[in-house]
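What follows is a set of notes on a single structure, which appears directly below.
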Amino acid sequence: MNEMIYLFVALACLAIGALAGYLVALNRRAAMAEQAAQLRSQVAALDATLAAERAAQEQKLALLDDARDRMTHQFRAPGE
């Protein structure tokens, strides 16, 4: 009879341990999903910032090109 009690207690402990492990895994999965969502949000924000900075640099380059062209025409020697 004692063997049956020990077996039952052992099986109950295994079941409780398995349940606890499952709950820990669920908690970690939820935390990782939240972290992944935050990282995706950060990547999207950085992509937007990068696109805005690239556009600003292209605009500055266009202004410099325009200024160079105007100066070239302005100081070009007459008769050229």
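The values are calculated or read from the model by the stated rules, or taken from the named source; none is laboratory data. Quick caveat, the model's predicted, so the values are computed rather than measured. Neighbour counts run over all protein chains shown; Cβ positions are idealised from the backbone, glycine included. Just the protein is used for accessible areas: all its heavy atoms, side chains included, with ligands, DNA and RNA removed. Shrake-Rupley method; radii C 1.70, N 1.55, O 1.52, S 1.80 Å.
The figures follow:
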| item | result |
| --- | --- |
| Within the accessible area of the chain (1.4 Å probe), percent carbon and sulfur | 65 |
| Test item: Cα-centred dipole of the chain, Lys/Arg +1 and Asp/Glu -1 on Cβ, debye | 80 |
| Backbone HN-Hα couplings from phi across segment 5-20 [Karplus 6.51/-1.76/1.60, Hz, Gly and Pro as x] | 5, 4, 5, 4, 5, 4, 5, 5, 5, 4, 5, 5, x, 5, 5, 5 |
| Helix-only mean residue ellipticity at 222 nm for the chain, each DSSP H run of n ≥ 4 adding -39500 (n - 2.57), per residue, nearest 500 | -35000 deg cm²/dmol |
| List Tyr6, Tyr22, ordered by accessible area with a 1.4 Å probe, largest first | Tyr6, Tyr22 |
| Residue-by-residue Karplus 3J(HN,Hα) for segment 64-69, coefficients 6.51, -1.76, 1.60, Hz, glycine and proline x | 5, 4, 5, 4, 4, 4 |
| Pair Tyr6, Glu53: separation of 7 Å Cα→Cβ label points (nm) | 6.8 |
| Farthest toward positive dipole pole in segment 4-80 [+1 Lys/Arg, -1 Asp/Glu at C-beta], among Ala12, Gln57, Ala67 | Ala12 |
| Mean shadow area of segment 1-78 over all directions, Cα convex hull, nm² | 6.6 |
| Computed accessible area, Leu64, all protein chains, 1.4 angstrom probe, square angstrom | 120 |
| Low-density loop positions, trypsin sites (Lys or Arg not before Pro), segment 23-80 - DSSP coil, at most 15 other Cβ in 10 Å | Arg76 |
| Solvent exposure of the chain as accessible area per residue, Å², 1.4 Å probe | 94 |
